[in-house]
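The values are calculated or read from the model by the stated rules, or taken from the named source; none is laboratory data. Being a predicted model, the structure only gives us computed values, none of them experimental. Here the Cβ positions follow ideal geometry from the backbone for every residue, glycine too, while neighbour counts run over all protein chains shown. Surface accessibility is based on the protein's heavy atoms, side chains included, excluding ligands, DNA and RNA. Shrake-Rupley method; radii C 1.70, N 1.55, O 1.52, S 1.80 Å.
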Amino acid sequence: MAKILGIESSCDETAAAVIVDGVLKSNIISSQASIHAQYGGVMPEIASRLHVENIGVVLKEAIAQSGVTYEELDAIAVTRGPGLIGSLHVGLQAAKTLALLYKKPLIPVHHLAGHIYANEFVGEFHYPLLALVVSGGNTEIVYMKEPLSFEIIGETKDDAVGECFDKVARVLGLPYPGGLPIDRLGQEGKDTYPLPEPLKGQKTYDFSYSGLKTGVLNLVNHLKEKSEEIRLNDLCRSFEEKALTPLVEKTMKAAKEYKVRQVIIAGGVSANTLLRAKIKEAAMKRNLEVLIPPLWCTTDNAAMIAKVGEKLYSEKLFAPLTLGVDPNWLLKDFRSF
């Protein structure tokens with residue numbers, strides 16, 4: 001076991017966390033959501049500038065709460081991607097600086113691996129397993145034969161499901177990010193509106209959400225032209241049903257084909273109430289174990305980065321300590337995506 005500092009800055013959250021011998025000692029997050037909401041989405045340039053302002057404060061608080069000093073750390077883990085280049089750069093530079101200053105190993109972590117391993121805060125992984133990764137930028141089914149082994153067997157061909165939620169919310173006049181308002185309204189509605197079903201009838205584990213997004217836009221425009229009332233609760237529920245059902249059905253189909261012991265969900269969309277209910281129900285019918293991350297760990301955070309960092313450290317997968325850490329090395333895959 002070890003003392004690991006995790007740093008996350010891939011999008012619009014600046015975060016730092018410390019894990020000591022498997023126990024989370026601190027997890028500090030500075031969210032920029034309220035800033036980007038006025039633009040209807042994340043503005044990359046603004047995000048990177050805010051990371052610069054916040055990174056020092058977040059690191060100071062994380063170390064203070066953990067009761068561990070920089071000198072006592074065994075390694076520093078940092079998100080290496082995917083994400084916004086400018087935002088990632090801030091976290092990487094902070095991590096590299098600390099690693100050089102305190103002579104600590106540097107551990108690059110894949111962002112999606114972090115989301116997957118966030119589930120270990122609530123339960124143990126049983127391999128082989130399937131991970132359904134659903135977020136604003138990613139929609140994937142990942143097969144894990146063993147620890148730190150990732151094989152993508154299905155992914156979106158266009159919009160990610162979280163991205164689709166945000167765009168539909170904008171069409172409906174709902175605030176950004178769109179996942180929570182659609183979730184809340186959908187709980188009070190019924191599936192009554194006809195909307196296209198993504199890749200219906202196709203034998204693939206891939207996904208597509210551009211058609212569903214366009215379907216909602218066309219439906220709303222048609223209703224407005226006819227001056228018909230838009231039943232917002234019902235439309236949100238109808239959209240959720242069409243967006244989430246393929247995720248569950250394809251995951252369960254893959255679970256049978258790959259003969260997995262466990263299914264987990266990860267990423268921001270894993271906080272959706274309907275998705276959680278559907279995946280639990282489907283897994284129960286198949287006597288399949290399912291792990292669902294705690295709500296606090298569905299959005300971007302550094303605890304999940306520290307968790308993966310801890311595993312990589314135990315495997316001795318970290319950067320050599322040199323004054324010129326090769327940036328290409330930080331993008332190197334270690335049995336990763």
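Here are the numbers for the structure shown:
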{"quantity": "Potential extension, residue 23-residue 204 segment - 0.36 nm per residue separation minus Cα distance", "calculated": "61.2 nm"}
{"quantity": "Value at 222 nm in deg cm²/dmol, rounded to 500, when DSSP H runs of n ≥ 4 in the chain each add -39,500 (n - 2.57)", "calculated": "-13500 deg cm²/dmol"}
{"quantity": "Å² of accessible area per residue within the chain, as computed with a 1.4 Å probe and no ligands counted", "calculated": "44 Å²"}
{"quantity": "Added length on full extension, which subtracts the Cα-Cα distance from 0.36 nm per residue, residue 217 to residue 45", "calculated": "59.1 nm"}
{"quantity": "Label point at residue 122 placed 7 Å out along Cα→Cβ; residues across segment 20-46 whose backbone nitrogen lies under 18 Å", "calculated": "24"}
{"quantity": "Rounded percent of accessible protein surface that carbon and sulfur make up, segment 1-89, 1.4 Å probe", "calculated": "56 percent"}
{"quantity": "Pairs of Lys in segment 150-226 closer than 23 Å at Cα, counting only those 8 or more apart or on different chains", "calculated": "17"}
{"quantity": "Sites residue 197 and residue 103 - FRET efficiency at Förster radius 56 Å, r taken between beta-carbons, to 0.05", "calculated": "0.50"}
{"quantity": "Cross-link reach list, lysines versus residue 104, counting only Cα pairs under 30 Å and skipping chain neighbours closer than eight places", "calculated": "3, 25, 60, 96, 307, 311, 316, 332"}
{"quantity": "Formal net charge of residues neighbouring residue 207 (Cβ-Cβ distance under 10 Å; K, R +1; D, E -1)", "calculated": "-3"}
{"quantity": "Label point distance in nm, residue 72-residue 256, each placed 7 Å from Cα along Cα→Cβ", "calculated": "5.2 nm"}
{"quantity": "Segment 189-233 - percent of accessible surface contributed by carbon and sulfur, probe 1.4 Å", "calculated": "48 percent"}
{"quantity": "Gaussian network model of the chain, springs between alpha carbon atoms under 10 Å - residue of 193, 39, 70 with greatest fluctuation", "calculated": "39"}
{"quantity": "Area accessible to solvent at residue 157, 1.4 Å probe radius, in Å²", "calculated": "130 Å²"}
{"quantity": "Acute angle (nearest 10 degrees) that the helix 161-171 long axis makes with the longest principal axis of the chain, alpha-carbon atoms", "calculated": "50 degrees"}
{"quantity": "Estimated FRET transfer efficiency (residue 228, residue 35; beta-carbon r; R0 41 Å; 0.05)", "calculated": "0.70"}
{"quantity": "FRET efficiency, 1/(1 + (r/R0)^6) with R0 45 Å, evaluated for residue 152 and residue 187 via beta carbons", "calculated": "0.90"}
